[in-house]
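First comes the structure, then the notes that go with it.
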Amino acid sequence: MPNRVRVEWTGLGGAPYLSTFYLSEDGAPTPAAAVTAVQAFLTALKPVIGEPYAWRTEPEVVTFSNPSTPTGTTIVESQTGDGDSDDGILGRALQGLVQLRTGQFVGARQIQGRLFIPGPTVSAVDGFTGKPRPTYISAIVPAATQLMNAGWLVASRKNNLFYEVSGVSVWSEFAVLRSRRD
């Protein structure tokens with residue numbers, strides 16, 4: 001059964017932010033292993049996240065049978081970390097965007113997910129195009145691939161199923177999470 005790991009971000013205005021990760025038992029067999037996998041992902045991103053930003057995994061990991069049915073809660077040790085880059089933070093309206101592909105289609109539409117990464121710095125943006133530099137993108141893709149290999153899942157509330165992530169990419173533009181549809 002999938003485990004949900006939530007990460008709280010602090011640092012600049014608008015915080016706290018929340019990132020939610022679902023990992024399968026196949027890749028992360030215990031709640032503690034799921035937290036360890038998410039922490040490894042975030043630690044790999046430290047060089048591309050600005051210093052004021054910090055994260056903390058919530059101590060409660062919830063296990064689900066499907067996206068609408070939690071089956072249990074396990075208390076684990078919170079993990080923390082913060083950004084390493086001191087290049088100057090970009091505005092909070094600029095965030096990295098990891099696109100999660102599942103290769104599974106319902107009604108001719110691919111089930112996909114996304115993850116916003118706060119705190120890119122001046123060194124992440126190409127001054128001529130205003131887009132993420134290839135070095136920023138290439139720092140994120142291996143970390144996201146490692147989490148994908150640890151059983152990263154996309155939750156589809158509409159279909160009430162979890163889908164394995166089969167491919168990750170970083171959008172070639174900056175993104176912002178302004179609201180969430182339920």
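Residues in segment 116-170 that are in contact with a Leu (Cβ under 9 Å, 6 or more places away or on another chain), aromatic (Phe, Trp, Tyr) and more than 16 Å from Phe21 (Cα to Cα): there are none.
The set of residues in segment 42-70 that are assigned to a loop (DSSP other than H, G, I, E, B) and surrounded by 19 or more Cβ atoms within 10 Å (Cβ to Cβ) comprises Ile49, Tyr53, Pro67. Taking the conditions (1) part of a helix (DSSP H, G or I); (2) touching a Ser or Thr at 6+ places or on another chain (Cβ under 9 Å); (3) among the β-branched types (Val, Ile, Thr) in turn, Val168 satisfies each one other than (1).
Return yes or no: is Ser179 surrounded by fewer than 21 Cβ atoms within 10 Å (Cβ to Cβ), assigned to a helix (DSSP H, G or I) and modelled with pLDDT under 95? For Ser179, the condition - surrounded by fewer than 21 Cβ atoms within 10 Å (Cβ to Cβ), assigned to a helix (DSSP H, G or I) and modelled with pLDDT under 95 - is not met. Applying a threshold of 6 Å to beta carbon distances and a minimum spacing of six or more residues, or different chains, the list of pairs starting in segment 102-123 at a residue that is on the phi < 0 side of the Ramachandran plot and crowded, with 16+ Cβ neighbours inside 10 Å and ending at one that is modelled with pLDDT of 90 or more and of a type in the set (Lys, Arg) reads Gln112/Arg101.
Within segment 150-163, residues that are in contact (Cβ under 8 Å) with a residue 60 or more places away in the chain have Cβ atoms under 8 Å from residues that are outside any strand (DSSP E or B) and among the charged types (D, E, K, R) in these pairs: Gly151/Glu25; Gly151/Asp26; Arg157/Asp182, counting only partners at least 6 apart in sequence or on another chain.
The values are calculated or read from the model by the stated rules, or taken from the named source; none is laboratory data. Just so we're clear, the structure is a prediction, and the values are computed from it rather than from any experiment. Using ideal geometry, Cβ is built from the backbone for each residue, glycine included, and neighbour counts are taken over all protein chains shown.
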